[in-house]
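Scroll down for the structure; my scribbles are underneath it.
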Amino acid sequence: MQNFVHLHVHSQYSLLDGAAEIGSLLAKTKQLGMPALAITDHGVMYGSLKFYQQALKAGIKPIMGCEVYVAPRALTDKIPKIDENPTHLVLLAMDHRGYQNLLKLVSIAHIDGFYYKPRIDMDTLRRYSQGLIGLTACLSGQIPRLLVAGKYEEAKKQLLWFQEIFGNANFYLELQYQQLAEQRNVNRNLAKLARECGAPLVATNDVHYLNREDAQVHDVLLCIQTGKTVNDTNRMKFSTAEFYLKSPAEMAEIFNDYPEALENTLKIAERCNVQLELGKLHMPKFTLPPETTAERYLEELCRQSAVDKGITWDQGREERLNYELSIINQMGFPGYFLIVRDFVHFAKERQIMVGPGRGSAAGSLVAYLLGITNLDPIEYGLLFERFLNPERISMPDIDIDFCIERRGEVISYVRQKFGEDRVAQIITFGTMAARAAVRDVGRVLGIAYSEVDRVAKLIPRELGISIADAIAHTPELQELIRNSPQITQLIQIAVKIEGFPRHASTHAAGVVISDEPLTTFLPLSRSNEDEIITQFTMEDIETLGLLKMDFLGLRTLTVLRDTQALIEQNRGRQVTIEGIPLNDPLTFQDLADGHTLGVFQLESAGIRRLLMRLRPEEIDDLTALNALYRPGPLGSGMVDDFIKGRHGQQTINYLHPLLEPILKETYGVILYQEQVMKIVSSLGGFSLGQADLVRRAMGKKKPEVLAAMRQQFIEGAIANRVPEQTAISIFDLLEYFAGYGFNKSHSAAYAVVVYQTAYFKTNFPQEFMAALLTSVMGNTDKIALYIEECRRMGIAILPPDVNKSKAYFNPEGSGIRFGLLSIKNVGIGAIERIIQERKS
């Protein structure tokens, strides 16, 4: 076994300061024969869970830590030039208690102590020190900083204080040597302190990048962080290239005078044994009425709703409800449905607009009966197993659309209901995509903007494309790299930082709800908007077994709300979304004519052309439209086959009669994921839950899994009197179309929103366009586009009204007036110029 372990390491989650990607760190650690590795990012634990999982997978022992900032005084003291220069301290968790204390310390640092940086203080450290090992950190640590200043006795006093907090065996004096001028003297004094106070020594290298040659990459990251270029003389810069993941042999050579400092790294690694319980569900408790259970209450609500909705209840619905309830209860999720129903019910009671549904949840009869969705899945032919699969245990995923202006009220209600410390929004990271990485690096290297712009524009605008992919498929880019050393350097560095997190922000929709205070499971932070957010991403939260939901703000719902208010104000009529007919011929005529500017999801020229070809006549046509207008179907011939079938321009042939009832609605085209599931189930004899697993395997193209499933399908089909060759052909067809298939539940739910917006635009054009114009105030191009649409519809645009803040329909003047505030700094004259430019 090697005699060294790195205990002070910064990954890419020390944002724009760590240039070492977690996977690469672990791979090199394994290659160098080290048995363990710590992660100690600056003031955050963003990457801790990913590190933990990847380390175990790599056979490396993960040591969970953080390099925290310690305030000069109390963490509540925030006076300029006094409290803005904290010291560093490395903390490593020995056990689960230590890990939880680390979570609390890092959370407190962000929520209560943030001042330029997230800070704790000595009192907080004393409260949460159990289970932690402390290291004195780099030259910015409190004790090293005092030693650099020649204050040996103060440093000794501080050491004794740390020993009192952590215990003598749990606080280490950290030796570092990256050839910095002050380090030799500091190390001598640390060794002296160790002898006088009985404190152990430990050697670290304050790793910020993987290899020596990556020092330049790290320097570029620092420049991106500080807005400088490499040519600026007065900037943050590491003065040597020694902050890399050194081998045990290199560390032994550096610290050959302190063998115990090397041995202590192994001793610390042996003592750090955090084991996280992943995958166990932590469902928040729902407060039930007296003398009932969640299972019984859920069923009562469903059955009462069926009566209230006036649903004609038949044997099929009874069997579907009993089946769904049995699966929900078996998987332990009745409380989940009650929680979602509760906050949706709150929103509707407060007249906060809620969408009809989104995602696969629309396939649940229980969700429909609870008012979570507004689509009867039986009427629309939607499958419960696409939403909740008894063959694959995972947390349900119900995403809800709310009026964008009032979404925050629903989140506030959930916080009050479950506790401020148990609900938070979720973090997300902006990463350096290919083009952005090139532009950032080019600026830092001082390369002419025109040159950088030329390189960046040679990278195709494709989602998820890498620089390597762009080079492989772009001869012009290859030539630039061959002929220009400067561009070669630019690309080499950009490739190394590509995909690194650049900044943290709040996920647009994600909210986590816990059964215990969130700091039991994860660290918290504050967003730029001063909201409490997690330091772990959506994926991490799912891994921890916490309940996460998407509370989405949908601007279309706000437009519909404002349209309804204007109708009542102008016409004295109450027109509700729920009350509009779903078969209005005028609405479908406008859709078929492509008059859909301002209609949800139907504004692009491409989808308007498709609309005019398709000529929808009912909601099902709009459901198909949503599924067809995607790159896969558009490029595969599916669209042409569907439209020709719809208009009777080609004969529809089915490989087997059993396919006809499944594919008849889409004219023989396998358009929906649910159709794949039904075919696998009906012909192959799979349960719908098993059929969903087949669909997933096809979508992910797992050959070894698919081979077994193919054989099972063929055998099941033969048992159903399907000829073997036909069964093989059908499975091949399913494999081909599975990658294109769309979730019908989501498509159907959004088809309803499409129709609703189109209905209001057709039947109440003035009010709708006024609400629409209000929703895009400040966006000059959108305003110009919608004013043109108003004029096409014969709606006049009247002079602004200084007494109003929104756009509104003025029935007396038969036109729309802008409120003076609603056009902000955009003048009507400027809008008219855009309109004229567009026409010319």
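The values are calculated or read from the model by the stated rules, or taken from the named source; none is laboratory data. In this text, all values refer to a predicted model and were calculated from it rather than measured experimentally. Cβ atoms come from the backbone with ideal geometry, glycine included; neighbour counts cover every protein chain shown. Quick note on the areas: whole protein, heavy atoms, side chains included, nothing else; ligands and nucleic acids left out. Shrake-Rupley method; radii C 1.70, N 1.55, O 1.52, S 1.80 Å.
Counting DSSP beta bridges with both partners in the chain, what percentage is antiparallel, nearest 5? Of those bridges, close to 50 percent are antiparallel. In the chain, Cα pairs under 8 Å separated by at least six residues give a relative contact order of 10 percent.
For the chain, the solvent-accessible area with a 1.4 angstrom probe is 42 square angstrom per residue. Building the convex hull from the alpha-carbon atoms of segment 39-195 and averaging its projection over directions returns 9.8 nm². Listed peptides 344-352, 195-203, 8-16, 655-663 appear in the order 8-16, 195-203, 655-663, 344-352 once ranked by packing, highest mean of other Cβ atoms within 10 Å at the front.
At a Förster distance of 25 Å, what's the computed FRET efficiency of Trp161 paired with Arg184, Cβ-Cβ distance as r, to 0.05? Present the calculation step by step, with values, prior to reporting the outcome.
Values: r = 26 Å, r/R0 = 1.03.
Step by step, r from the Cβ atoms, then E = 0.45.
Using every pair of distinct Cα positions in segment 131-278, the Kirkwood expression returns a hydrodynamic radius of 16.8 angstrom.
Provide the convex hull volume over Cα atoms per residue for the chain, in Å³.
Working: hull volume 182.5 nm³, N = 840.
Hull volume normalised by residue count: 217 Å³.
With just the Cα atoms defining each centre, how far is segment 63-93 from segment 266-329? Give it in Å. Segment 63-93 and segment 266-329 have Cα centres spaced 43 Å from each other.
Which loop-located trypsin sites (Lys or Arg not before Pro) does segment 455-519 contain, where loop means any DSSP state but H, G, I, E or B and the Cβ has at most 10 other Cβ atoms within 10 Å? Write down the numbers at each step before the final one.
Working: sites: Lys457, Arg461, Arg482, Lys496, Arg502; in loops: Arg461.
Those satisfying the criteria are Arg461.
Which value in deg cm²/dmol, rounded to the nearest 500, describes the helix-derived mean residue ellipticity at 222 nm for the chain, given -39,500 (n - 2.57) per DSSP H run of n ≥ 4 and division by the residue count? Write down the numbers at each step before the final one.
Numbers: 37 runs with 413 residues, N = 840.
Only helices count here, giving -15000 deg cm²/dmol.
Leaving out ligands, DNA and RNA, what percent of the accessible area of segment 334-416 is carbon and sulfur, probe 1.4 Å?
Numbers: 1010 of 2520 Å².
Carbon-and-sulfur percentage of accessible area, whole number: 40.
Annotation: lysines with alpha-carbon distance below 22 angstrom to Lys157 (same-chain offsets under eight excluded): Lys192.
The alpha carbon centroids of segment 479-548 and segment 343-406 are separated by 28 Å.
Which entries of Lys57/Lys548; Lys548/Lys744; Lys348/Lys806; Lys30/Lys156; Lys50/Lys246 have Cα-Cα distances beyond 27 Å here? Result: Lys30/Lys156 exceed 27 Å. Between the helical axis of 334-349 and the longest alpha-carbon principal axis of the chain there is an angle of about 70 degrees. Ranking Gln711, Phe243, Gln351 by how far each Cα lies toward the positive end of the dipole of the chain (charges on Cβ) leaves Phe243 at the top.
Here segment 38-90 has 56 percent of its accessible surface on carbon and sulfur atoms, given a 1.4 Å probe and all protein chains in place. Ordered from largest to smallest accessible area (heavy atoms of protein chains, 1.4 Å probe), the residues Met612, Met122, Met34 come out as Met612, Met122, Met34.
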